[in-house]
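Visitor: One structure, as structure tokens, below. Some questions next.
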Amino acid sequence: MPTPRHNGGPSQAPAAVTAVGLRKSYGDKTVLDGVDLRIPAGSVFALLGPNGAGKTTAVKILSTLIGADGGQAQVAGHDLAAQPQQVRAAIGVTGQFSAVDGLITGEENMLLMADLHHLPKAEGRRVTAELLRRFDLVEAAKKPASTYSGGMKRRLDIAMTLVGNPRIIFLDEPTTGLDPRSRHAMWQIVRELVADGTTVFLTTQYLEEADELADRIAVLNGGRIVAEGTAGELKRLVPGGHVRLRFTDPSAYQAAAAALTDAARDEEALALQLPSDGSQRQLRRILDHLDNHGIEADELTVHTPDLDDVFFALTTHPAEASR
């Protein structure tokens, strides 16, 4: 299936992450089989795929936690293999499982991260106070993190990631297990990070999340990128989109049906349905055709496949393998 390319916009920005031919195997199981990526700086990139597709493996390689078996990558302008320390200094990572220590307070977790980043004591306290305020954790700062809700722990986890002021943040399924309110709060945090110029590499199984946040989305299946593009571009890869025209005047309906011979008819509802990729050009063509025949529809709706449809169309049942 072709991979749509996005011309203009974020794709022309300097790359925060590039990868060419990344490969990784565990025994006889190939997890990544020649993955290419280009993620513009200051954007949100979402990597989708079923369990076992290799999403977490890709994050681990790009964040220097494990080595690749083949291929090349640059993160924040540094070669992944030759300059791992410079890569680590430029990134932050929040995994599926919280790095928060529940036995100490939220503030102490933050100060511990400041120490790990070798910040002077005064600077560490300043950064801690600023991030606790930014993530609405001031009231809970002196309480043990074990008493935090799931959403609060996730916010603390990301706040800890930001102590080192990373330019690129890897968020590996950051909203797994969160309730809808906490998930939406996390989305707002991601938007604010990007507004400040941070690049976010997001893996998720929540397709709505990718649709809401990502400038570009890649679908990983069987160790390969099977499609990449904006949410709109990916949706247009999947058949099933259509335009529905409804009329209240039976004579207008009949005239439209005669003019649009490829439309499916719904006589009872006085409605016509035409296949469509949802593009502005195709919609304009339909409307111009109606105008040329002096026909006006009372209602027009455009239906496009959602990312669920894209996901099911492009991915296979996950193999029994660890990620």
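Visitor: Once Rh for region 189-323 is found with the Kirkwood sum over Cα pairs, what is the Stokes-Einstein diffusion coefficient at 37 °C and 0.692 mPa s, in µm²/s?
Guide: Translational diffusion coefficient: 186 µm²/s.
Visitor: Given H placed 1.01 Å from N in the peptide plane, which residues other than close sequence neighbours of Thr230 have an amide H under 5 Å from its amide H?
Guide: Ile217
Visitor: Still on this model: With a point put 7 Å past each Cα toward its Cβ, work out how far Asp101 is from Gln72 in nm, to one decimal.
Guide: Going from the Asp101 label point to the Gln72 one covers 4.1 nm.
Visitor: Amide H to amide H under 5 Å from Asp277: which residues, 5+ apart in sequence or cross-chain, H placed 1.01 Å off N in plane?
Guide: For Asp277, no residues qualify.
Visitor: Which chymotrypsin sites (Phe, Trp or Tyr not before Pro) does region 42-148 hold that lie in a coil by DSSP with at most 14 other beta carbons within 10 Å?
Guide: Phe97
Visitor: So what's the Cα pair-distance distribution over region 56-100, bin width 10 Å, in %?
Guide: Spelled out per bin, shortest first, that is 28, 55, 17, 1.
Visitor: Given a Förster distance of 25 angstrom, what is the FRET efficiency for His293 paired with Glu268, based on the Cβ-Cβ distance and rounded to 0.05?
Guide: Numbers: r = 23 Å, r/R0 = 0.92.
So the FRET efficiency works out to roughly 0.60.
Visitor: One quarter of the convex hull surface, Cα atoms only: what value does that give for region 242-308 in nm²?
Guide: The Cα convex hull of region 242-308, projected and averaged over all directions, gives 4.6 nm².
Visitor: Tell me which label goes with the value of Kirkwood radius over Cα pairs in Å computed from the coordinates here: (1) 22.1; (2) 20.2; (3) 20.7.
Guide: Correct label is (1).
Visitor: How large is the convex hull of the Cα atoms of region 153-208 per residue, expressed in Å³ as a whole number?
Guide: Here the figure is 76 Å³ per residue.
Visitor: Per residue of region 295-306, what does 6.51 cos²θ - 1.76 cosθ + 1.60 with θ = phi - 60° give for ³J(HN,Hα)? Whole Hz please, x for Gly and Pro, Karplus curve as stated.
Guide: Values, residue by residue: 10, 10, 7, 7, 8, 10, 10, 10, 10, 10, x, 9 Hz.
Visitor: As a test, work out the antiparallel percent of DSSP beta bridges whose residues both lie in the chain, rounded to the nearest 5. If you can, show how the numbers build up before the last one.
Guide: Values: 35 of 52 bridges.
DSSP beta bridges in the chain are roughly 65 percent antiparallel.
Visitor: Separate question: Tell me the label-point distance for the pair Arg246, Gln85, using the 7 Å Cα-to-Cβ offset, in nm and rounded to one decimal.
Guide: About 6.7 nm separates the two model spin labels.
Visitor: Same structure again: Just tell me which lysines come within less than 22 Å, Cα to Cα, of Lys235; anything on the same chain fewer than 8 places away is out.
Guide: Partners found: Lys55.
Visitor: Among residues other than Glu208 whose Cβ falls under 11 Å from its Cβ, what is the net charge (Lys/Arg +1, Asp/Glu -1)?
Guide: -4
Visitor: Then there is this: If I stretch the segment between Ala259 and Val20 completely, what's the gain in nm (0.36 nm per residue apart, minus their alpha carbon distance), one decimal?
Guide: 81.0 nm
Visitor: Quick one: what does P(r) look like for region 69-194 with 5 Å bins over all Cα pairs, in whole %?
Guide: Over region 69-194, the share of Cα pairs per 5 Å bin runs 2, 11, 20, 21, 20, 12, 7, 4, 1, 0 percent.
Visitor: I've got another one for you. Work through the residues other than Val75 whose Cβ is under 14 Å from its Cβ and net out their charges, Lys, Arg +1 and Asp, Glu -1.
Guide: +3
Visitor: 7 Å from Cα along Cα→Cβ at both Glu139 and Leu300: what's the point-to-point distance in nm?
Guide: My value for the distance between the label points is 5.0 nm.
Read the figures in this text as sums done on the coordinates, not as results from a lab. Everything quoted here is computed from the prediction, not taken from an experiment. Positions of Cβ are generated from backbone atoms using ideal geometry, with glycine treated the same way; all protein chains shown enter the neighbour counts.
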